[in-house]
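Colleague: A single structure is presented below for examination.
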Amino acid sequence: MKYIIACLAVIASISLYAQDRVNLSGYIRDEASAETLIGATAYIYDKNIGASSNEYGYYSLSLEPGEYEVEYSYLGYDLRVEKINLTEDTRLDIDLTLESQTIQEVVVTAEAEDAQVKDVQMSVNKLEIAQIKALPTLLGEVEVIRSLQLLPGVSSVGEGATGFNVRGGSIDQNLVLLDEAPVYNSSHLFGFFSVFNPDAVKDVKLYKGGIPSRYGGRLSSILDVRMKEGNAKQLEINGGVGLIFSRLSIEAPIAKEKASFIVAARRSYIDVLSRPFLEGDATDNILNFYDLTLKANWNINENNRVFASGYFGRDNFGFGDAAGFNWGNSTATVRWNHIYNQKLFSNLTLFYSDYDYQISFGDDSQNGFDWNASIENLSAKLDYNYYINSTNSLRFGLQTIYYDFSPGEAVGRSEGEISDFSLDPKFASENALYLENEQKLGSKLVLNYGLRWSYFAYLGKGTSYEFGEAPLGDSRPVISATAVEGGDIIADYNNFEPRFSAKYQLDDKSSIKASYNRMVQYIHLLSNTTASTPVDIWTPSSNNIRPQLADQIALGYFRNFQDNTYKLSVESYYKDYAQLIDYIDDADLLLNPFLEGDVLEGEGRAYGVELQMEKSKGRFTGWASYTLARSERRVDGINQGDWYAARFDQTHNLSVVGFYEISDYVTASANFSLISGTPATFPTSRYTVQGYTIANNDNLTRNNVRIPAYHRLDLSVTVKGKKHAEKRWDGEWVFGIYNVYSRRNPFAIYFRQEDRRFGPQEPVTTEAVQLSVIGNFIPSISYNFKFK
């Protein structure tokens, strides 16, 4: 706490220096919809002073009294210049207009053209929805998560795997936020589609390193997705119809330029379309997903604005009445923006998040099995932006989260006899204070430094287990079990998490950047399968599982060419992990009250180099990215205590993405990926007993081979209708081919014995079998429309 007090003292002295200044502040918005613009800039060139709008579109400039010419800009919008005579604090809201000449080419980002070079942030990728919509997709559906995997440092273990991996981290090390509420499973249909409806998404930003102190709770990355607020000026309808699902969104003013809403829905119907081709009980099979996204906002007055948003989605997978499986996310967020004065902006957020799944077997009341599990949390978060002066911008705040883990309510029935396998729920709280300051030192050096203090408590009501010692690699035995009353603290932890970023401007076109961050993760996803599944278990840190830690340093060089048309970035990073979770061989993680006895603790390291060359203007745009990286772990009791490759370690990752504007109405796009195969554990020997082959791993090595490399080419063509000034309906056809040359990329490789009886002297025949989730090219056609 003394470090935070010291920082406050320094900032207080800076604030005193700014007393003789006045402030220019307000919101920067889209003129057509009144939607606020994130990352728009207000800049005074003759003073070399500027500011960017925050997550709510608010900006503030601290200046000496006088006359100024302020340029307001946002890529894809006309530049607006305002001449202002500042004699006192002034509120000026700015509406920007889309460029008069329609830009058909896809822009890579909606930030300032030179943001890559000028901003202090590094290891951050911002994707524009227009760009995501132009990428080739599986079955024609616009995909946020799969688009991220084309960026440097981001990958997946293969098709059919949920989530994504960032810089050598597991999927649970990514904090996915939708309007500030966490989403615990970001995928539909086992990873083929994401939970984010593109018609409702406003902004997508991925932090891979240099993570500001306002974020915490995960080790590897923060994916911050912001929803649209809804058109506050007129009715707007967007939608799309594809081969297996459709979507529709409606946004409109409730009170013009005072309040608005958006409602967006999607539903797949592959099971409905396939039903006429099925026979017997198969006609009752279920395979679908749906989601509903909604948001409303109200400008109470010029200093107060409130938002309410929610997401409700579900996947359903079943075989008639005999078996069923479903899972889904629900989130609800309420936020209040308040402007105290031109310098001080605040946001209060309250959110609820729930992820649950249900499994059932049996088609009568006497025989069957039902299993329900979930993780719920409630949170309150208060954030402040204090614009001290033109060279210092301060953020500070606090957050509290309450967790309710239900690892399994499981009941089996056999001839009417009931067996209860349920596990006790677990409870925890996580609290944090943070402080960060962005400071400009002269015209070349910018710093962003901060500190986060986090406190976590594992709470009763429940049973606290203590485990004894065991040989390395074996389950530890339970030596005591203690009943704990509700609200009592079983175990608690607290950590300081320093953050630092720096940018040095070499010239107008190039800069170097460096960053360091410590991250702490208090909740963990328990999974020992090839890829994470919807039934993996979330569990809190406890008296037996310590929080995971990661320290990351990064260094980068950034350069723009030819009036910001070409952009080059080169970043290197090193991550050091401590107290990582892994498991003994053959660990039992499902409905196991003593699973903490199967958990091992180790260390890890991840390091690499990321290169990206991007072209952001002209008829041809796109980027090429290459990542050379390693991700390794070392755990006593695994792999004889030696370092081994993590399951998601991929040495080489190449992505090439291109968009070409053939005409004003036709655009083609393509992407190609080439990725090293992921590690796997293969047997090193075998022996035969009574005609059956038993595989054996002599040295108990972990991830001792790699499966073959993954590569894939996708193509897409978008044909737009002609635009007329009086025309309110716009439509486009999208034709695509996923996996053009029918590559059968390996997801996993397993071994099996030929299914027959062998003679006494006959050698037993075995074979390796490659499992590919997608083995052929997949064509698609979809129609997207907009009405306003």
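The values are calculated or read from the model by the stated rules, or taken from the named source; none is laboratory data. If you're wondering where the values come from, they're calculated on a predicted model, not measured in any experiment. Backbone-built Cβ (ideal geometry, glycine too); neighbour counts: all protein chains shown. Protein only, heavy atoms only, side chains kept; ligands, DNA and RNA dropped before computing areas. Shrake-Rupley method; radii C 1.70, N 1.55, O 1.52, S 1.80 Å.
Colleague: Can you spot a residue in the stretch 650-667 that is under 22 Å from residue 473 (Cβ atoms) and in contact with a Gly (Cβ under 9 Å, 6 or more places away or on another chain)?
Modeller: No, the stretch 650-667 contains no residue that is under 22 Å from residue 473 (Cβ atoms) and in contact with a Gly (Cβ under 9 Å, 6 or more places away or on another chain).
Colleague: Condition check: at pLDDT 90 or above, surrounded by fewer than 15 Cβ atoms within 10 Å (Cβ to Cβ), assigned to a strand (DSSP E or B) and touching a strand residue (DSSP E or B) at 6+ places or on another chain (Cβ under 6 Å). Does residue 81 satisfy that?
Modeller: So residue 81 fits the description; yes.
Colleague: Another one. Restricting the stretch 774-788 to residues that are over 14 Å from residue 723 (Cβ atoms) and hydrophobic (A, V, I, L, M, F, W, C), which is least open to solvent (accessible area, probe 1.4 Å)?
Modeller: 774
Colleague: For the stretch 235-266, give me each residue that is more than 19 Å from residue 138 (Cα to Cα), assigned to a loop (DSSP other than H, G, I, E, B) and in contact (Cβ under 8 Å) with a residue 40 or more places away in the chain.
Modeller: Across the stretch 235-266, the qualifying residues are 235, 257, 258.
Colleague: Further question on the same structure: Output the number of the condition that residue 637 fails; it satisfies all remaining conditions of (1) modelled with pLDDT under 95; (2) closer than 19 Å to residue 116 by Cβ.
Modeller: (2)
Colleague: For the stretch 351-371, indicate whether the set of residues that are under 30 Å from residue 303 (Cβ atoms), of a type in the set (Ser, Thr, Tyr) and out of contact with any Phe, Trp or Tyr (no Cβ under 8 Å at 6 or more places or on another chain) is non-empty.
Modeller: yes
Colleague: For the stretch 166-186, check the following and say yes or no: at least one residue is touching a residue at least 40 places away in the same chain (Cβ under 8 Å), in contact with a Lys or Arg (Cβ under 9 Å, 6 or more places away or on another chain), open to solvent by 10 Å² or more (accessible area, probe 1.4 Å) and of a type in the set (Gly, Ala, Ser).
Modeller: Within the stretch 166-186 (the criterion being touching a residue at least 40 places away in the same chain (Cβ under 8 Å), in contact with a Lys or Arg (Cβ under 9 Å, 6 or more places away or on another chain), open to solvent by 10 Å² or more (accessible area, probe 1.4 Å) and of a type in the set (Gly, Ala, Ser)), the answer is yes, since at least one residue qualifies.
Colleague: Which pairs do you get when a residue that is open to solvent by less than 30 Å² (accessible area, probe 1.4 Å), found in the stretch 656-684, comes within reach of a residue that is among the hydroxyl-bearing types (Ser, Thr, Tyr) and in a loop (DSSP other than H, G, I, E, B), reach meaning Cβ atoms under 6 angstrom, with the pair 6+ apart or on two chains?
Modeller: 676/651
Colleague: Here's another thing I want to ask about it. Can you pull out every residue in the stretch 196-213 that is over 14 Å from the mean Cα position of the chain (by Cα), buried (at least 22 other Cβ atoms within 10 Å of the Cβ) and of a type in the set (D, E, K, R)?
Modeller: Across the stretch 196-213, the qualifying residue is only 199.
Colleague: For the structure I just gave you, tell me whether residue 728 is within 18 Å of residue 648 (Cβ to Cβ) and open to solvent by 60 Å² or more (accessible area, probe 1.4 Å).
Modeller: In short, no.
Colleague: List, please: which pairs have Cβ atoms under 7 Å, are six or more places apart or on different chains, and start with a residue in the stretch 81-94 that is under 14 Å from residue 58 (Cβ atoms) and of a type outside the set (Phe, Trp, Tyr) and end with one that is loosely packed, with under 13 Cβ neighbours inside 10 Å and at pLDDT 90 or above?
Modeller: Hits for this filter: 91/302.
Colleague: Here's something else I'd like to know. Would the stretch 529-546 turn up any residue that is under 20 Å from residue 606 (Cα atoms), at pLDDT 95 or above and open to solvent by 40 Å² or more (accessible area, probe 1.4 Å)?
Modeller: Checking the stretch 529-546: not a single residue is under 20 Å from residue 606 (Cα atoms), at pLDDT 95 or above and open to solvent by 40 Å² or more (accessible area, probe 1.4 Å).
Colleague: Inside the stretch 487-528, can you point out the residues that are under 20 Å from the mean Cα position of the chain (by Cα), surrounded by fewer than 24 Cβ atoms within 10 Å (Cβ to Cβ) and not in a strand (DSSP E or B)?
Modeller: 527
Colleague: For the stretch 771-787, check the following and say yes or no: at least one residue is at pLDDT below 90 and of a type outside the set (A, V, I, L, M, F, W, C).
Modeller: Yes, that holds for at least one residue.
Colleague: Just to confirm my filter: which strands (runs of 3 or more DSSP E) fall fully inside the stretch 531-626 and include at least 1 residues that are of a type in the set (Gly, Ala, Ser) and over 20 Å from the mean Cα position of the chain (by Cα)?
Modeller: Filter on the stretch 531-626 gives 548-561, 566-583, 599-615.
Colleague: Given the condition on the phi > 0 side of the Ramachandran plot and of a type in the set (Gly, Ala, Ser), answer yes or no: does some residue in the stretch 170-179 qualify?
Modeller: no
Colleague: Could you tell me which of the residues 393, 360, 422, 365 is over 20 Å from residue 316 (Cα atoms), assigned to a strand (DSSP E or B), among the small types (Gly, Ala, Ser) and modelled with pLDDT under 95?
Modeller: Only one candidate qualifies: 393.
Colleague: Taking the stretch 236-276 as the search range and keeping residues that are more than 17 Å from residue 734 (Cα to Cα) and of a type in the set (Val, Ile, Thr), which one is most open to solvent (accessible area, probe 1.4 Å)?
Modeller: It comes out as 254.
Colleague: Going through the stretch 557-580 one residue at a time, which ones are in contact with a strand residue (DSSP E or B) (Cβ under 6 Å, 6 or more places away or on another chain) and surrounded by fewer than 22 Cβ atoms within 10 Å (Cβ to Cβ)?
Modeller: Scanning the stretch 557-580 gives 557, 559, 566, 568, 570, 572, 574, 576, 578, 579.
Colleague: Inspect all residues belonging to the stretch 141-161 and state whether any of them is more than 17 Å from the chain's Cα centre (by Cα), surrounded by fewer than 24 Cβ atoms within 10 Å (Cβ to Cβ), among the aliphatic types (A, V, I, L, M) and more than 13 Å from residue 221 (Cα to Cα).
Modeller: No, the stretch 141-161 contains no residue that is more than 17 Å from the chain's Cα centre (by Cα), surrounded by fewer than 24 Cβ atoms within 10 Å (Cβ to Cβ), among the aliphatic types (A, V, I, L, M) and more than 13 Å from residue 221 (Cα to Cα).
Colleague: Search the stretch 280-327 for residues being touching a residue at least 60 places away in the same chain (Cβ under 8 Å) and small (Gly, Ala, Ser), and hand back the single one that is surrounded by the fewest Cβ atoms within 10 Å (Cβ to Cβ).
Modeller: In this case the residue turns out to be 296.
Colleague: Another question, if that's okay. Just checking, which of 391, 400 is in contact with a strand residue (DSSP E or B) (Cβ under 6 Å, 6 or more places away or on another chain), closer than 30 Å to residue 52 by Cβ, hydroxyl-bearing (Ser, Thr, Tyr) and exposed (fewer than 15 other Cβ atoms within 10 Å of the Cβ)?
Modeller: Just one listed residue meets the conditions, 400.
Colleague: Quick one: would you say residue 611 is free of Cβ contacts under 8 Å to residues at least 60 places away in the same chain, open to solvent by 40 Å² or more (accessible area, probe 1.4 Å), farther than 30 Å from residue 753 by Cβ and not acidic (Asp, Glu)?
Modeller: When the stated conditions are applied, residue 611 does not pass them.
Colleague: Can you tell which of 629, 645 is open to solvent by 10 Å² or more (accessible area, probe 1.4 Å), under 30 Å from residue 716 (Cβ atoms) and either of a type in the set (A, V, I, L, M, F, W, C) or under 21 Å from the mean Cα position of the chain (by Cα) (or both)?
Modeller: Step by step, each of 629, 645 is checked, and only 629 is open to solvent by 10 Å² or more (accessible area, probe 1.4 Å), under 30 Å from residue 716 (Cβ atoms) and either of a type in the set (A, V, I, L, M, F, W, C) or under 21 Å from the mean Cα position of the chain (by Cα) (or both).
Colleague: Something else now. Only one of (1) in contact with a Pro (Cβ under 9 Å, 6 or more places away or on another chain); (2) over 30 Å from residue 702 (Cα atoms) fails for residue 500. Which number is that?
Modeller: The failed condition is (1).
Colleague: So, one more: Return a yes/no flag: does the stretch 368-379 have any residue that is more than 30 Å from residue 285 (Cα to Cα) and open to solvent by less than 50 Å² (accessible area, probe 1.4 Å).
Modeller: yes
Colleague: Check residue 699 against each of (1) surrounded by fewer than 22 Cβ atoms within 10 Å (Cβ to Cβ); (2) closer than 26 Å to residue 474 by Cα; (3) at pLDDT 90 or above; (4) not aromatic (Phe, Trp, Tyr) and name the one condition it does not meet.
Modeller: Among (1) surrounded by fewer than 22 Cβ atoms within 10 Å (Cβ to Cβ); (2) closer than 26 Å to residue 474 by Cα; (3) at pLDDT 90 or above; (4) not aromatic (Phe, Trp, Tyr), residue 699 violates only (3).
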